[in-house]
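Comments concern the structure below.
The values are calculated or read from the model by the stated rules, or taken from the named source; none is laboratory data. Since the model is a prediction, treat every value here as computed from it, not as a measurement. Positions of Cβ are generated from backbone atoms using ideal geometry, with glycine treated the same way; all protein chains shown enter the neighbour counts. Please note that ligands, DNA and RNA were not included when accessible areas were found on the heavy atoms of the full protein model with its side chains. Shrake-Rupley method; radii C 1.70, N 1.55, O 1.52, S 1.80 Å.
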Amino acid sequence: VTENRSDLEDLHLYATPREQRFRRFASLEFEGQLYMTPYDFIQAVTNDEPKCAKKWRSLSKQELNQILMETPPVWKGSSKLFRNLNEKGVISYTEYLFLLCILTKPHAGFRIAFNMFDTDGNEMVDKKEFLVLQEIFRKKNEKRERKGDEEKRAMLRLQLYGYHTPTNSVLKTEGEDLVPRSYWDTLRRSTSQALFSDLAERADDISSSLSDTTLLVHFFGKKGKAELNFEDFYRFMDNLQTEVLEIEFLSYSNGMNTISEEDFAHILLRYTNVENTSSYLENMRCRIPEEKGITFDEFRSFFQFLNNLEDFTIAMQMYNFASRSIGQDEFKRAVYVATGVKLSPHLVNTVFKIFDVDRDDQLSYKEFIGIMKDRLNRGFR
């Protein structure tokens, strides 16, 4: 079943950039709701556009059940989970947002995320507690909806959430501030509100109106009765981060143990607001004439640092470096103090050679932070 192209573009007018991206990469439809496969998700976070124009394939109930029956339990998870599942999985829009949150969080934030779901404080998360995610992200979306044809917006909500949203909500709306917040901030603020809401009643309604997904079966079993402990939750989040980084690294390594410094620069500058990347690349080529290569461990350590960028920014402000450029030793020490991540001298030197445009061996803190915030959020700041 393929949606008419004009209808697709028409609904795009009412969608936010994240919703538009989800709709572009999603390839499955079940009872009016769109889903990504694990392969679609990997493509969405590692490519600018789908490799080919997507047509939404309609799943039968039998096909969906077969996919869910083959979903492995959480204790069988690995850093190849999404690649192994490939096309045999379904990921909803709210789960897509949740997975994006995971990709940009430091390991220390995993415990915070788990505690936000564990609303009864029993050190376990059950399916009902996890479904608060659906309500929180739905409510955030409602506040961001673009004005226009109510029928078209209702169609869009059905595609993204799988049911027509009610007018009442689990979350409080009075006195909400107007400052745009990330989905992570929304999740962090809103789960505490959900503790004092009619969540239990709403979760039952949501559960009965929604189809199971690969994540729900992976976390809570085929009957939805299992509970998720922190160790399994942590391992899932760590595996997902590692898997996406492995895919990006392998796309450039051609089977080797390293990628070139220029490839590393290409990866860093993707999804950023840098318009003329050629000047950065040319600058690096001139200053690192002999290729040594970046290992996967170095590559992963840098992105672990990026996930701690907020703490690094605070540390730099405390050091009073925020208004001036810094050298390699200062940078390396600030990274370690703020994040606990040790970057190799070669990696730090490579980063400096990429971003030190005026070649004074100093890094412009403000420019670097701005570019890296774009890269961290993959173009969706």
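The single residue among Leu281, Leu199 that is over 22 Å from the mean Cα position of the chain (by Cα), modelled with pLDDT under 80 and open to solvent by less than 40 Å² (accessible area, probe 1.4 Å) turns out to be Leu199. Scanning the range 250-263 for residues that are farther than 9 Å from Gly293 by Cα and open to solvent by less than 10 Å² (accessible area, probe 1.4 Å) gives a single hit, Ser253.
As a summary of the residue check, Phe312 satisfies the conditions (1) assigned to a loop (DSSP other than H, G, I, E, B); (2) within 21 Å of Leu103 (Cα to Cα) except for the one numbered (1).
Within the option set Glu63, Glu87, being charged (D, E, K, R), outside any strand (DSSP E or B), modelled with pLDDT of 85 or more and more than 17 Å from Glu243 (Cα to Cα) holds for one residue only, Glu63. I'd like the full set of residues that are over 22 Å from Ala108 (Cβ atoms), at pLDDT below 85 and either open to solvent by 30 Å² or more (accessible area, probe 1.4 Å) or in contact with a His (Cβ under 6 Å, 6 or more places away or on another chain) (or both), limited to the range 340-381. Those that are over 22 Å from Ala108 (Cβ atoms), at pLDDT below 85 and either open to solvent by 30 Å² or more (accessible area, probe 1.4 Å) or in contact with a His (Cβ under 6 Å, 6 or more places away or on another chain) (or both): Val357, Asp358, Arg359, Asp360, Asp361, Gln362, Ser364, Lys366, Glu367, Gly379, Phe380. Close contacts from the range 227-254, counting a first residue that is farther than 26 Å from Asp120 by Cα and polar (S, T, N, Q) and a second that is open to solvent by 10 Å² or more (accessible area, probe 1.4 Å) and not in a helix (DSSP H, G or I), with Cβ to Cβ under 8 Å and a gap of 6+ residues or different chains, come to Asn239/Gly77; Asn239/Ser78; Asn239/Ser79; Thr242/Ser79. Within the range 47-64, identify whether any single residue is touching a helix residue (DSSP H, G or I) at 6+ places or on another chain (Cβ under 6 Å) and either surrounded by 19 or more Cβ atoms within 10 Å (Cβ to Cβ) or within 28 Å of Glu310 (Cα to Cα) (or both), and answer yes or no. No, the range 47-64 has no match at all.
Just one of the listed residues (Glu275, Glu243) is at pLDDT 90 or above and either among the charged types (D, E, K, R) or surrounded by fewer than 17 Cβ atoms within 10 Å (Cβ to Cβ) (or both), and it is Glu243.
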